[in-house]
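Handing you a structure now.
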Amino acid sequence: RAAMPQAPDLPATLDEARAAALGCRRCGLCEAATRTVWGEGPPDAGLMIVGEQPGDREDLEGRPFTGPAGQVLRAAIAEAGIDPAQTYLTNAVKHFKFVPRGRQRIHQTPTRDEIRHCRWWLGLELAFVRPRLTVALGASAALALTGAEGPLAPRRGEVETGLHAGPVLISWHPSYLLRQQDHLTREAARRDLVADLRRAMDLQS
Ligand code: URA
């Protein structure tokens, strides 16, 4: 029987997908960003956690969730009793989107189109890792994973069906916690995030 024709640019493994993503030019974000920040974690992780995009620090270091929001997320992961070594961390968008302001680079929310273009890579991560459950942190990740837009508050804590047909638990983005001036609001959001991660852990075990 004739072999199935393979699309020449379709990666056959997670490593191949990563290598291809390093040279991605699917949208304009690669122009200003330093590098592609690919996901990190075991290729057979049961739990995948998806953020929005790398921040300033992640862009420089080339690893997801190493900056201030990453510290918040990693602390919440630990508090939820999740083994980070068993978890795949990635982002909806693989390049840092920013505007320069003086010597700083200020985060910009990716557009719907940028999220759609980058879904190619997120789709490959989902296809190769095949997590039992995915957590969407914030509205950009929720859009990338489910295709649905809208305010996050009514969706947070809910399990939705992803475009990849797997379950997606929606939670706050750790940057949302950092933006809260009011201590009590911030603490409530942090507790929500930890509770969601704990539930995600239970659902995928
Ligand atoms: N925020 C994200 O969504 N992802 C990162 O990797 C860092 C900050």
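How large is log10 of I(q)/I(0) for the chain at q = 0.09 Å⁻¹ when the intensity is taken from the Debye formula with one equal scatterer per alpha-carbon?
The Cα Debye sum returns log10 ratios of -0.32.
Using a Förster distance of 25 angstrom, determine the FRET efficiency expected from the C-beta separation of Arg179 and Arg35, and round it to 0.05.
0.45
Name the most mobile residue of Leu145, Leu122, Leu14, meaning the one with the largest mean-square fluctuation, in a Gaussian network model of the chain with Cα contacts below 10 Å.
Per the Cα network of the chain with a 10 Å cutoff, Leu14 tops the list.
Follow-up question, since we're still on this one. How many angstrom lie between the C-alpha centres of region 75-130 and region 143-161?
Region 75-130 and region 143-161 have Cα centres separated by 16 Å.
Still on this structure, please answer the following. Once the other residues with Cβ under 12 Å from the Cβ of Pro54 are scored (Lys, Arg +1; Asp, Glu -1), what is the net sum?
Its environment carries a net charge of 0.
Could you sort 197-203, 160-166 so that the peptide with the highest average Cβ count within 10 Å comes first and the rest follow in order?
Those peptides, ordered most packed to least, come out 197-203, 160-166.
Follow-up question, since we're still on this one. Highest GNM mean-square fluctuation, the chain, Cα pairs closer than 10 Å: which of Gln104, Gln71, Gln86?
Ranking Gln104, Gln71, Gln86 by mean-square fluctuation puts Gln104 first.
While we're on this one: With a 10 Å radius around each residue's Cβ, average the other Cβ atoms per peptide and rank 58-67, 150-159, highest first.
Output ranking for 58-67, 150-159: 58-67, 150-159.
In nm, to one decimal, how far is the Asp113 label point from the Gln71 one, both placed 7 Å along Cα→Cβ?
With each label placed 7 Å out from Cα toward Cβ, I get 3.7 nm.
Hey, another quick one. So which trypsin sites (Lys or Arg not before Pro) in region 58-154 end up in coil per DSSP with only 15 or fewer other C-beta atoms within 10 Å?
Sites meeting the loop and neighbour criteria: Arg103, Arg132.
Under the rule of -39500 (n - 2.57) per DSSP H run of 4 or more residues, summed and divided by the residues of the chain, what mean residue ellipticity at 222 nm is obtained, to the nearest 500 deg cm²/dmol?
Per the formula, -12000 deg cm²/dmol.
Let me ask something else about it. Label-point separation (nm) for Ala19 and Glu158, each offset 7 Å from Cα along Cα-to-Cβ?
Output for this residue pair reads 4.2 nm.
Of all the C-alpha pairs in region 96-205, what % are more than 20 Å from each other?
When all Cα pairs of region 96-205 are counted, 47 percent exceed 20 Å.
Every read-out reported here was derived from the displayed coordinates using simple, explicitly stated rules and does not represent laboratory data. This structure is a prediction, so every number in the text was calculated from the model and none was measured. Don't worry about glycine lacking a Cβ; one is built from the backbone with ideal geometry, like all the others, and counts go over all protein chains shown.
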